[in-house]
Amino acid sequence: RYRYYQNACTQSYSYVWWDWERWEREIDWMALSGINLAPAFAGQEAAWQRVYRSLGLNQSEIDAYFTGPAFLAWNRMGNLRGWAGPLPPSWHLKQLYLQYRIVERMRSLGMITVLPAFAGHVPRGVLRVFPRVNATRLGGWSHFDCTYSCTYLLDPEDPMFQVIGTLFLKELIRDFGTDHVYSADTFNEMTPLSSDPAYLSRVSNAVFRSMTGADPEALWLMQGWLFQHQPDFWQPAQVRALLHGVPLGRMIVLDLFAESKPVYRWTESFYGQPFIWCMLHNFGGNHGLFGTVEAINHGPFAARRFPNSTMVGTGVVPEGIEQNDVVYELMNQLGWSQGPLDLPAWVTRYAERRYGAPNAAAAAAWRLLLRSVYNCTGVCVNHNRSPLVRRPSLRMDARLWYNASDVYEAWRLLLSAGAELGSSPTFRYDLVDVTRQAAQQLVSQYYLSIRRAFQSRALPELLTAGGVLVYDLLPELDRLLSSHNLFLLGRWLESARAVATSEREAEQYELNARNQVTLWGPSGNILDYANKQLGGLVLDYYGVRWSLFISALVESLNSGSPFHQDQFNQAVFQVERGFVYNKKRYPAVPAGDTLEISRKLFLKYYP
């Protein structure tokens, strides 16, 4: 019944700075891809602000709660508060304007919109206004302490739970109408206060009742991420209790990471609640070729055949988009298929459709990529861990799940198709992406050479490998990325500044954008989680780190003193933080000829 699209995190990793024109393109793509169920989450903070003010909170209490725009996804799920905020009044106005257009456009194309609902998290100000309210402070999230985390969760039995939840939803429905589907995540990566099944049932029942208080027809859409994220806590009894706090059929669970860690199998198909088989695929919007094509080609069909299966749809739920298009094309096509596809035949046709003309070399390149880098098997979790985008150390993992030579050969084949396909924009994008992947592999090779040279105290070899990496390979990769608008740091930063209505806002938004793709928090709390390979970022962030690392290794060999990782980490943190605050403007327009730069890299580095 459903083809679902979007992840709660995508709102921050990908859509945060979008204008209406970009949103319209995305919604058109959704319609063309057969998506018929998707969130419409923009503008909700404006509604929350009205609710909090009507309850008696003052503006400073609200400002201390909302995060900055690039981190709102985690504020909404109760993970963070205050970090990189506050939200200026102009932000609320612009987001409301977008939301009106988003829901209108989605509905006009026959899609069901999913609106946000109250999950139970409240600002601290609620405790000032209602001192007798029963709220408990949750623990810190990820690597954040209580400065920016540890939000308050209302007790499900407290009457204010229903008051706030219903008030908020009525506000939203008044503004945007409703398709009767609502999203709420109370325990996303947060351990509940008690594992008592009765307590967990009360929580989910309270969330659901606050929805039906505003809309008697409410259907709750919930991310199933929590069950596989904390399996020690979510034993069968706990899962069943949370799911059965809601009448059967009034909840849809997103089996969010079904291609690698399906939950339906160990929960008897979510104990009778309908679920959507989702491919998560991407974390943090990282670049890096990756896919689990065999798992997604068979997974949805196995789920439909599962005893007493309650599967009602398929979904694509990446944390970040604008990477690995092929995987999403495949998953969307599977939503329409009776059974698994013949993948080599499918990808041959894909190459022809993508470039607008048949080409033997391009098709051969795609068949190689499909069987190697796109065919991770087993439990695959796609965080790009390449040494290129990680803080350098002597203990980095450079292993691959595929044969590196397949990517080098696909690179050669794509370049050979350049004369025929070079005018195709999709071809130029793919050429950048495959060349980038080859360069990422080369960085790992140079890293291993650097580590070997240091461990065997061979200074000349260390200087040679380190010199090539820092003074040639990384600058060449940066030049390649700078030749395509989708790989520009400037595009990300300028799109953030464009949302602002004053220089002060522009500076705040740019800091949000820079921090998210690097430190992810004030002190590198989730360092490089949302790493990207962008022209400008490779040279001025990753390149500077590598330069510092190699200097530290050379210094260690020269002086005979050991290399201390913790000392290096302190020094490199200054570089990382310096990048976030350096105020350098980066071009938002590409420069150079992609084909020429790729060919030059190829002639120099093809192994």
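The values are calculated or read from the model by the stated rules, or taken from the named source; none is laboratory data. Note that this is a predicted model, so its numbers are computed, not measured. Every residue, glycine as well, gets a Cβ built from its backbone with ideal geometry; the counts of neighbours run over all protein chains shown. What goes into the accessible areas is simple: the full protein's heavy atoms, side chains included, and nothing from ligands, DNA or RNA. Shrake-Rupley method; radii C 1.70, N 1.55, O 1.52, S 1.80 Å.
Taking the DSSP beta bridges with both ends in the chain, the antiparallel portion is around 20 percent. Quick one: grab the alpha carbon gyration tensor of the range 235-331, order the square roots of its eigenvalues as a ≥ b ≥ c, and give me rounded if a/c is under 1.5, else prolate or oblate depending on whether a/b is larger than b/c. Taking the square roots of the gyration eigenvalues as a ≥ b ≥ c, the range 235-331 is prolate. How much of the accessible area of the range 519-607, in percent, comes from carbon and sulfur atoms when a 1.4 Å probe is used? Its accessible area is 55 percent carbon and sulfur atoms. The mean sequence separation of alpha-carbon pairs under 8 Å and at least six residues apart, normalised by the residue count of the range 12-253, gives a relative contact order of 19 percent. Close amide H contacts of Met311 (hydrogens built in the peptide plane, cut-off under 5 Å, sequence separation of 5 or more or a different chain): Phe275. Cβ distances below 4.7 Å define possible disulfide partners, and in the chain the cysteines left without one are Cys9, Cys278. Across the range 468-479, rounded Karplus estimates of 3J(HN,Hα) from the backbone phi angles (6.51 cos²θ - 1.76 cosθ + 1.60, θ = phi - 60°) give 4, 4, 7, 9, 10, 4, 5, x, 5, 5, 4, 5 Hz, Gly and Pro being marked x. Computed over protein heavy atoms with a 1.4 Å probe, the accessible surface of the range 12-253 works out to 36 Å² per residue. With respect to the chain, whose longest principal axis is taken over its alpha-carbon atoms, helix 44-55 is tilted by about 40°. In the chain, helices alone account for a calculated mean residue ellipticity at 222 nm of -15000 deg cm²/dmol, with every DSSP H run of four or more residues adding -39,500 (n - 2.57).
For the range 111-117, putting each phi into the Karplus relation 6.51 cos²θ - 1.76 cosθ + 1.60 with θ = phi - 60° gives couplings of 8, 8, 8, 9, 9, x, 9 Hz, in residue order, rounded to whole numbers and with x for Gly and Pro.
Ratio of Rg to Rh for the range 351-447: 1.02 [Cα atoms; Kirkwood radius as inverse mean 1/r over pairs]. Please list, short to long, the whole-number percent of alpha-carbon pairs of the range 423-551 in consecutive 10 angstrom bins beginning at zero. Reading upward from the zero bin: 12, 34, 32, 17, 5, 0. Against the main long axis of the alpha-carbon atoms of the chain, helix 325-334 sits at an angle near 50°. Dividing the mean sequence gap of close Cα pairs (under 8 Å, 6+ apart) by how many residues the chain holds gives a relative contact order of 12 percent. Between the range 505-519 and the range 231-251, the C-alpha centres lie 38 angstrom from each other. Quick one: if the Förster radius is 45 Å, what FRET efficiency do Glu352 and Ala398 give, using the C-beta to C-beta distance and rounding to 0.05? E between Glu352 and Ala398, to the nearest 0.05, is 0.80.
If you wrap the Cα atoms of the range 153-202 in a convex hull and average its projected area over all directions, you get 4.4 nm².
Are there trypsin sites (Lys or Arg not before Pro) in the range 498-607 that DSSP marks as loop and that have at most 15 other Cβ atoms within 10 Å, and which are they?
Lys583, Lys584, Arg585
Dipole check for the chain: with +1 at the C-beta of Lys and Arg, -1 at the C-beta of Asp and Glu, and the Cα centre as origin, the magnitude is about 260 Debye.
Kindly identify the range 479-545 as rounded, prolate or oblate by the Cα gyration tensor criterion: order the square roots of the eigenvalues as a ≥ b ≥ c, call it rounded if a/c is under 1.5, otherwise compare a/b with b/c, prolate if a/b is larger, else oblate. Taking the square roots of the gyration eigenvalues as a ≥ b ≥ c, the range 479-545 is oblate.
Between amide H atoms placed 1.01 Å from N, distances below 5 Å from Leu254 occur with Met222, Gln223, Gly224, Ile276, all of them 5 or more places distant or on a separate chain. When only alpha carbons of the range 12-253 are considered, Rg and Dmax amount to 17.4, 52 Å.
Taking the centroid of alpha carbons for each part, the range 390-458 and the range 56-107 are 39 Å apart.
In the range 182-286, Cα pairs under 8 Å separated by at least six residues give a relative contact order of 27 percent. Computed with a 1.4 Å probe over protein heavy atoms only, the accessible area of Ile112 comes to about 50 Å².
Placing +1 on the Cβ of every Lys and Arg and -1 on the Cβ of every Asp and Glu, with no other charges, gives the range 185-313 a dipole of roughly 260 debye about its Cα centre. Tell me, rounded to the nearest percent, the portion of alpha carbon pairs in the chain spaced more than 40 Å apart. When every Cα pair of the chain is considered, 29 percent fall beyond 40 Å. Computed 3J(HN,Hα) for the range 437-442, one whole-Hz value per residue from the Karplus formula 6.51 cos²θ - 1.76 cosθ + 1.60 where θ = phi - 60°, is 5, 4, 5, 4, 5, 5, glycine and proline marked x. Comparing Cα centroids, the range 285-350 and the range 165-213 end up 30 angstrom apart.
Protection proxy ranking of 64-70, 100-106, by the mean of other Cβ atoms within 10 Å over each peptide's residues and highest first, is 64-70, 100-106. Note on the range 12-253: antiparallel DSSP beta bridges, both residues inside, total approximately 30 percent of the bridges counted. Against the main long axis of the alpha-carbon atoms of the chain, helix 20-32 sits at an angle near 90°.
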